[in-house]
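The values are calculated or read from the model by the stated rules, or taken from the named source; none is laboratory data. Note that the coordinates shown come from a computational prediction; the quantities given were computed from them, not determined experimentally. All Cβ positions, even for glycine, are placed from backbone atoms using ideal geometry, and neighbour counts span all protein chains on display.
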Amino acid sequence: MRETPKERDAIGDKLKDSAIGMAEVLQQERIQAIAEKRKRQTEIENKRRQLEDDRRQLQHLKSKALRERWLLDGAPEEDETQRRLQEDEERTKALEKSILCLEQEIEELENPVVTKENGGAVNGVSQNQSPRRELTGVEAKLFGPSPDQASAENPVTLVFMGYTALEGEIAG
């Protein structure tokens with residue numbers, strides 16, 4: 001059975017229509033993938049901004065707590081002061097948890113879960129997770145004698161956030 005030229009043309013038209021339809025479907029899939037990628041990038045940027053804000057707030061709370069402890073060292077204990085210090089410590093711990101969660105969320109967004117051909121996730125977790133990082137906060141270090149042994153001849157030097165200051169410099 002031989003095909004007539006009309007039948008061949010009809011088959012050719014069907015193949016062209018099918019190819020055009022497949023190209024349109026592929027184009028729509030590409031557009032959808034690009035939109036999803038942009039959405040994921042926007043989400044990552046927002047999480048990074050939140051992470052930076054939380055880190056700044058954590059640094060501020062830690063420096064505030066260290067400064068208050070240093071200033072109150074040797075002073076009689078007051079319930080109000082102790083309560084404030086404890087609240088600051090609780091806020092610091094909450095911020096540290098928040099920062100760790102945000103870092104983990106960013107990691108998951110940057111490295112999406114690998115899926116098998118049947119659509120199941122591999123262990124439900126991204127295989128490229130980085131090890132947990134420890135937060136490095138603000139440090140205050142005392143140099144010289146302990147605050148109890150400080151005197152005019154032997155002052156306490158406090159290195160705080162990379163700045164060295166003597167007690168007398170602050171008042172002047």
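When you scan segment 43-52, do you find a residue that is more than 26 Å from Leu100 (Cβ to Cβ) and without any contact (Cβ under 8 Å) to a residue 40 or more places away in the chain, even just one? No - not one qualifying residue is present in segment 43-52. Would you mind stating whether Thr92 is touching an Asp or Glu at 6+ places or on another chain (Cβ under 9 Å), hydroxyl-bearing (Ser, Thr, Tyr) and either in the same structural domain as Ala33 (by TED's automatic domain parsing) or at pLDDT below 90 (or both)? When the stated conditions are applied, Thr92 does not pass them. Looking across segment 79-99, the residues that are touching a residue at least 12 places away in the same chain (Cβ under 8 Å) and of a type in the set (A, V, I, L, M) come down to Leu85, Leu95, Ile99. In summary, Leu26 fulfils each of the numbered conditions (1) surrounded by 11 or more Cβ atoms within 10 Å (Cβ to Cβ); (2) farther than 18 Å from Pro112 by Cα; (3) modelled with pLDDT of 90 or more with the single exception of condition (1).
Selection within segment 1-18: residues that are modelled with pLDDT under 80 and small (Gly, Ala, Ser). The member of this set that is nearest to Glu107 (Cα to Cα) is Gly12. Check segment 16-37 and report whether any residue there is on the phi > 0 side of the Ramachandran plot, in the same structural domain as Leu95 (by TED's automatic domain parsing) and either within 40 Å of the chain's Cα centre (by Cα) or not in a helix (DSSP H, G or I) (or both). Checked segment 16-37: no residue is on the phi > 0 side of the Ramachandran plot, in the same structural domain as Leu95 (by TED's automatic domain parsing) and either within 40 Å of the chain's Cα centre (by Cα) or not in a helix (DSSP H, G or I) (or both). Would you call Ile11 in the same structural domain as Glu107 (by TED's automatic domain parsing), without any contact (Cβ under 8 Å) to a residue 40 or more places away in the chain and either touching a Phe, Trp or Tyr at 6+ places or on another chain (Cβ under 6 Å) or in a helix (DSSP H, G or I) (or both)? For Ile11, the condition - in the same structural domain as Glu107 (by TED's automatic domain parsing), without any contact (Cβ under 8 Å) to a residue 40 or more places away in the chain and either touching a Phe, Trp or Tyr at 6+ places or on another chain (Cβ under 6 Å) or in a helix (DSSP H, G or I) (or both) - is met.
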